[in-house]
Structures are given as structure tokens and as C-alpha cells.
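Everything below concerns the one structure shown next.
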Amino acid sequence: MNLEPLKFDTMEVNTSLAKKFFEDHPNLVEQPKTDLEKDTYLRGAIENLPEKFKKLANLIEKNSDLFCQLEYYTRKFPVKTTKNNDLKLLVHYLNYHSLCNEPVIVGNIIKIPSIIISDTTPLVNLGLIADIFLAEFKEAILISTTKSVAICTLFKELCEEAGLSVLIKISNTHSSSLSHYEKDWGSCVGIITRRSDIESAVDVFLNAPIMNIWAVKMIYVEESAIERFKQLIGSKAIRKTEKISQFCTDTYHYNNKVYLFEFIKDTAAQLSTSQMYIPILTYRTVKDLLSLIDTSLCVSLWSSDVAESNEIANSLKSSIVWINDYGNFNGSLRIAQPYFSHLNLINNKFKTKITPQIEHLMKLRSEWLKKDIYVRRELVLGYLKGKNYTFNFDMDFVDVGKDFMCVGKVMPVDMVYLEDISLHDVLRAITRGSGVLYYSKGDIDEYYSYLTKINAPIVFLENELSPSCDGDVSVYKIPSGRTKAIWTSFGTIFAN
């Protein structure tokens, strides 16, 4: 018997505020041109910057309904995801910097104070404006398309009301520089272990966003739990055969999502632009699972075994791990940092060729990481004992609520390239375990010489490091590494 796909009622979304915004802004696509080719931009510290960040965050919250409606009206982004994910992270990031006015280590990295908001760029990326002003630019530039210009215009107006200068430039929708975020469509991986509330996990994944960076792109299920998982999917979705079915054991359709069980190709063929294809793969052991998962922005891990969930969560390279939950950003303002550190690493990464110096640095780092982080701290600070120098390594955080716990920690990257940056930031990078390629136009002082004596992972370059298109090594230009958050939900994990 052939079953017809489930028919979902068309949900009416209120867009009255969005329509009113367009009525009040009849010439949105006629923004003045902004020169991005000039060599210099006006720079200087802005007075009362923390207060302006706080005011902007408050204005965004007051206009949250308008933002959600505009996102749905112009880009078809779901209202719930915009409000609970993008806007919450954006507000958190601004509020954090309103309380902690430490200069962001991007002053030497940001050359053009611009943010690209293409047809597909997440709204949360507007939070990069905090980095621009903390890097002491006097104004920020939003590069939008005709589809995203309404969102950019609203944000510009709120920035100016808060006392921050913002310009808008409209660029070609088909510009290659504006489409780089499309590859991140679906940046979350789901993991279901045999000891978990599988029914809750299924409900979460079935109702996750579609074709959005917060969408679930792949789900791994422990082999002994796959039949239970398939049974629950089958009770709510429709089993349907199509062309892609030849590459998997079963295909189930649910609300424009197609779940592909045991999919045998590397990537799912996008047979329809209105559907999202989600492979379901099995694994046997934790070691097997960790070997299968590539780095992703976030992971939703379902397990009632504390030891197992901690092992998996801490071993993953993902920036955000939810244990027994998904898309939850309640708690500390610093829950926004994993996303923006992930973003900054992507934007400040380049490839270079392997040289004898880089090979030497890799060996130094390998030996350095064998030492406990507390041992590394003592070694790094050894030269400073008895001297008048204040140093703070503490970049981690813990936040405990009624039904959740969030742990954030700063993780090293393999290799960073630093130019004439503060000693404080060099020491932080080394202590965490990042290998440092350091170039200075001045002389190397006595302390840097000490770092070589203790075999710290730092190599001093005689010339600036140049990117290479055919390079084999990834290098980052930010010393802060990446922030990782593990968010654990309590309460219903033993339902099954």
C-alpha cells in the first residue's frame, strides 16, 4: 500500500511589522555607494563604547519581533530560530562586551571594517560589529544584497540610535564573495547513544530548522539503538521511495526533510531545493564515532550515561555541544563566544607551505602538549617570578542553572601566526598549547629568548609569513584560539 506524504497545514506567520517597515522605507535598494577600495579608514577609540553596546542590545531586544518578521518575509528564515538562536546570541555578545571592555585581538587583523550579510548569511553575524568598534574603527560597513538590505537597514538605524556609525553598501547577489556561507547550511551533527531518551531526540531532530546554519546535517546512531530510532521516525514520518533510495536502506519524509538511513555516498544529492537530505549513519564504539565526525559548528548529543557523554563531548572538535538538548543558549553571556570565535577563526585562516621551521614547531608542540596545562603555566611564568608583571590565564567559565550546566573553555589551535602582538597574548596562546609563528620588526627581547630555552612551541621568523594557495598547513592569525561550550540539560534524560 502506497502512503501519501503527510500534509502539513500552512502556518500563517504574522508579517505586518515587516510590511510596515517596507512602507516606511520605500527606497531600500537605493542606498549610497560606499568606497571599500580606499587604503585607510578613520580610526580612534569611541567614548562610552560599553554603554553604546548595552543600548544597542536593548534596542535589538525591543525590536525582536520586527527582526523575526523581516527575516521570514525577506529570507524565509523561521521566526523561532531567529528569536531563540540568532537574536539571543547577538544580544549576548553585545552585552558581554558592554561588561568586559577588553580590546579584541583583531586590531592588526581587520583591515576593512566590513561585515558581509548575503542572502544566506546568518543574522547573528551582525555581532561582528562589536569587534570592529573594539578594533577602534570609527564606523562599520554592512555589505548587503537587495534581499538582506532591509535587515541591514534596521540594524544600521538601531546602531545610530545607540551612537554607533554604520554605512551600507549593496552588492551583487551573485557575487562569489557573498556566497561563502552557503556551505555551512546545516552546521549541526546529531548523536544518539543506546542509553538515551531517543523519543525526545527524535522530536528535536524532526522539528529542527531546514536549510539554515542551525539545521541538523547528519545524525549518528549507536548500532544497538538504530531499530528503536527508525521505529520512532517511522511513527511520525512517511516511508517513501525515490531516486536517492538506491543509495540507502530506507528513506523517510517529514516536513521537507528526507532522512536517509545508512546512506553510502559522501554527500546527499540535492534533488530538490525545497527539501533537506539528512543521512543517518550507525556506529559501534565511541572510538568509532569520533573517527567518523568531522569538525562541525555544533553537536546535539543524547546520552544518559554521564561518563560516556563527557568523553564524547570533550573529545569533539565542535564549538558548541548540547547534551540532551539542542539550540539552547540560556545562561552565561559568554555562551555567544564559541560561535564568534568559530567565525573569527574561519575569517582569519590561511594555508602555507611546510618549511623546516614549521616542521620544527610541530615537533616542539607535540612534546609541549604532553605536559599538563598547569605545568605549562609554571614554565611560562618561571621567568616572571619576582617581577612586577600581572598575568591572567583564566578564560574559562562555568554557569549552573536550575536545570542546566554550561562549561566553556578556550581550546588551542595547531598553529597561529602573530605579528608584533602583546607578550600577554603570546603567553596565553603558548600556555593553551597553540604553536606560535612569531614575526617582529623589532628585536627579540630577553623574555622571548627564555621561551626558546624551555622548549616552548614558538618559532621566530625573519620575514613575514605569506599565504600559499597550494599550502598544506592551516595557520590562524588570532592568538585567542577557539572557545568551546558544553551545555548539559538535566531533568528528562532517563525517560527511557
| Is it fair to say Gln357 is touching a residue at least 60 places away in the same chain (Cβ under 8 Å), open to solvent by less than 40 Å² (accessible area, probe 1.4 Å) and among the polar types (S, T, N, Q)? | no
| said: Exactly one of these conditions fails for Ala130: (1) buried (at least 17 other Cβ atoms within 10 Å of the Cβ); (2) of a type in the set (Gly, Ala, Ser); (3) modelled with pLDDT under 90. Give me its number. | reply: (3)
| said: Can you pull out every residue in the range 457-471 that is touching a residue at least 24 places away in the same chain (Cβ under 8 Å) and either farther than 27 Å from Lys371 by Cα or out of contact with any Lys or Arg (no Cβ under 8 Å at 6 or more places or on another chain) (or both)? | reply: Ile458, Val459, Leu461, Asn463, Glu464, Leu465, Ser466, Pro467, Ser468, Cys469, Asp470, Gly471
| note | Going through the range 429-471 in order, the residues found to be touching a Ser or Thr at 6+ places or on another chain (Cβ under 8 Å) and surrounded by fewer than 22 Cβ atoms within 10 Å (Cβ to Cβ) are Phe460, Leu465, Ser466, Pro467, Ser468, Gly471
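Do we find a residue being among the polar types (S, T, N, Q), loosely packed, with under 12 Cβ neighbours inside 10 Å and at pLDDT below 80 anywhere in the range 35-56?
Within the range 35-56, one or more residues are among the polar types (S, T, N, Q), loosely packed, with under 12 Cβ neighbours inside 10 Å and at pLDDT below 80.
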| task | Filter the range 419-449 down to the residues that are more than 19 Å from Leu384 (Cβ to Cβ) and outside any loop (DSSP other than H, G, I, E, B), then identify the one that is modelled with the lowest pLDDT. | result | Glu419
| note | Residue pairs within 8 Å by beta carbon, gap of at least six or interchain, first lying in the range 109-127 and within 13 Å of Arg75 (Cβ to Cβ), second of a type in the set (Asp, Glu) and open to solvent by less than 30 Å² (accessible area, probe 1.4 Å), listed first then second, are Pro122/Asp86; Leu123/Glu71; Leu123/Asp86
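So which residues in the range 229-249 are out of contact with any Ser or Thr (no Cβ under 8 Å at 6 or more places or on another chain), more than 19 Å from Ile198 (Cα to Cα) and charged (D, E, K, R)?
Correct list: Lys243 only.
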| request: Could you please give the count of residues in the range 326-345 that are within 17 Å of Val400 (Cβ to Cβ) and either over 12 Å from the mean Cα position of the chain (by Cα) or polar (S, T, N, Q) (or both)? | output: 7
| request: Check the range 302-325 and report whether any residue there is over 16 Å from Cys406 (Cα atoms), open to solvent by 10 Å² or more (accessible area, probe 1.4 Å) and of a type in the set (Val, Ile, Thr). | output: no
| query | Conditions: (1) surrounded by fewer than 19 Cβ atoms within 10 Å (Cβ to Cβ); (2) at pLDDT below 90. Ile170 meets all but one. Number of the miss? | reply | (1)
| said: Residue under question is Val400, and the condition is that it be surrounded by 21 or more Cβ atoms within 10 Å (Cβ to Cβ) and of a type in the set (A, V, I, L, M); does it hold? | reply: no
| task | Output the residues belonging to the range 121-142 that are over 22 Å from Pro479 (Cβ atoms), touching a Lys or Arg at 6+ places or on another chain (Cβ under 9 Å) and part of a loop (DSSP other than H, G, I, E, B). | result | Lys138
| said: Residues to consider are Arg377, Arg334; find the one that is open to solvent by 40 Å² or more (accessible area, probe 1.4 Å) and in contact with a strand residue (DSSP E or B) (Cβ under 7 Å, 6 or more places away or on another chain). | reply: Arg334
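The values are calculated or read from the model by the stated rules, or taken from the named source; none is laboratory data. Treat the numbers as computed from the prediction; the structure is a model and nothing was measured. So basically every Cβ, Gly included, is an ideal-geometry build from the backbone, and we count neighbours across all protein chains shown. Note: areas computed on protein heavy atoms with side chains; ligands, DNA, RNA excluded. Shrake-Rupley method; radii C 1.70, N 1.55, O 1.52, S 1.80 Å.
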